[in-house]
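The values are calculated or read from the model by the stated rules, or taken from the named source; none is laboratory data. Every value quoted in this text rests on a predicted model; they were computed, and no experiment measured them. Here Cβ is always computed from backbone atoms with ideal geometry, including for glycine, and neighbour counts include all displayed protein chains. With ligands, DNA and RNA removed, areas are computed over all heavy atoms of the protein, side chains included. Shrake-Rupley method; radii C 1.70, N 1.55, O 1.52, S 1.80 Å.
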Amino acid sequence: VLAELVSPWYHSDRLICADSYFASVPAAEYLLERGLKFVGVVKTATRHYPLTYLANIELNNRGDREGVIAKDSEGRPRLMSFVWMDRDRRYFISTASSLQDGKPYVRDRWRQVDETENADPERVALEVPQPKASEFYYDTCAAIDQHNRRRQQTLNLEKKLQTKSWSKRVNLSILGICIVDTWLAWKLATGSKAKQSEFYNDLAEELIDNNYDTVGGGMRSTRRDNN
């Protein structure tokens, strides 16, 4: 699936960022052979990945990181596996960038700054150092997370149409991705500020009240027009 999605950009030296659904050592090697760089988070796809070694490295503070590099026959770095400490450990596979300090990320968190009894917590800016490789990933991953929230929480097909069939669940997820992509494309093309739910209502009306399969007929008015 990943290979098909990125095939138009083979040998362009572009950087592909992928979440744990796609990220693995074989995926990174496959894209490297086709002229694409790769950074991804590894969770369950650990074949050929040094997870045991990285999991046993002691990391004490947020921003700590350690990694290992695989080299080709000429001694040039080929793959990098590394662990970076945020609140929890994050494991990455990469064929680009490095573990040098990147731009730290800043998040607002509630902290008990005033130790006086019954004092309220305060919002403080938490700055966490991160390597350049993970900076590249999270600059892109934010868009992936936003898309997932729009699909899983707003559209929410998987909960509205519950099923125990694995194939149906996969197809519902793919359908959800297509619907969210349609909304994003429409929003960008029209400049509309309509909410996501409003677009879905309009889309459902047009799909219900259409006669696209009728030869020689005109489209009926939508419910909104009739009202």
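Some values worked out for this structure:
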| quantity | calculated |
| --- | --- |
| Whole-percent pair-distance distribution, where bins are 5 Å wide, for the alpha carbons of the stretch 141-197 | 4, 18, 26, 24, 16, 8, 4, 1 |
| Equivalent ellipsoid, the stretch 89-207 (semi-axes from 5 times Cα gyration tensor eigenvalues, Å) | 36, 23, 17 |
| Probe 1.4 Å, protein heavy atoms only - accessible area per residue of the chain in square angstrom | 68 Å² |
| Kirkwood-type radius of the chain, with distances r between different C-alpha atoms, in Å | 21.4 Å |
| Spatial extent of the stretch 131-170: Rg and Dmax, with the Cα atoms as the point set, Å | 14.5, 41 |
| Loop-located GluC sites (Glu not before Pro) in the stretch 112-149 whose Cβ has at most 12 other Cβ within 10 Å (DSSP) | 115, 117 |
| The chain: angle of helix 196-208 to the longest principal axis, Cα-based, in degrees nearest 10 | 40 degrees |
| Among 121, 51, 163 - extreme Cα towards positive end, dipole of the chain, charges at beta-carbon | 163 |
| 5 angstrom amide H check on residue 126, placed H, neighbours 5+ away | 107, 108, 109 |
| Residue 56-residue 107 pseudo-label distance in nm [points 7 Å out on the Cα-to-Cβ vector] | 2.9 nm |
| Over the chain: helical MRE at 222 nm, DSSP H runs n ≥ 4 each giving -39500 (n - 2.57), nearest 500 | -10500 deg cm²/dmol |
| Cα centroid of the stretch 115-147 to Cα centroid of the stretch 52-73, whole Å | 22 Å |
| Percent accessible area from carbon and sulfur atoms, the chain, protein chains only, probe 1.4 Å | 49 percent |
| Residues residue 202 and residue 163, FRET efficiency given R0 of 22 Å [Cβ-Cβ distance, rounded to 0.05] | 0.25 |
| Fully extended contour minus Cα-Cα distance, from residue 100 to residue 69, at 0.36 nm per residue | 9.8 nm |
| Segment residue 145-residue 5, length gained on full extension (0.36 nm per residue, minus Cα span) | 48.6 nm |
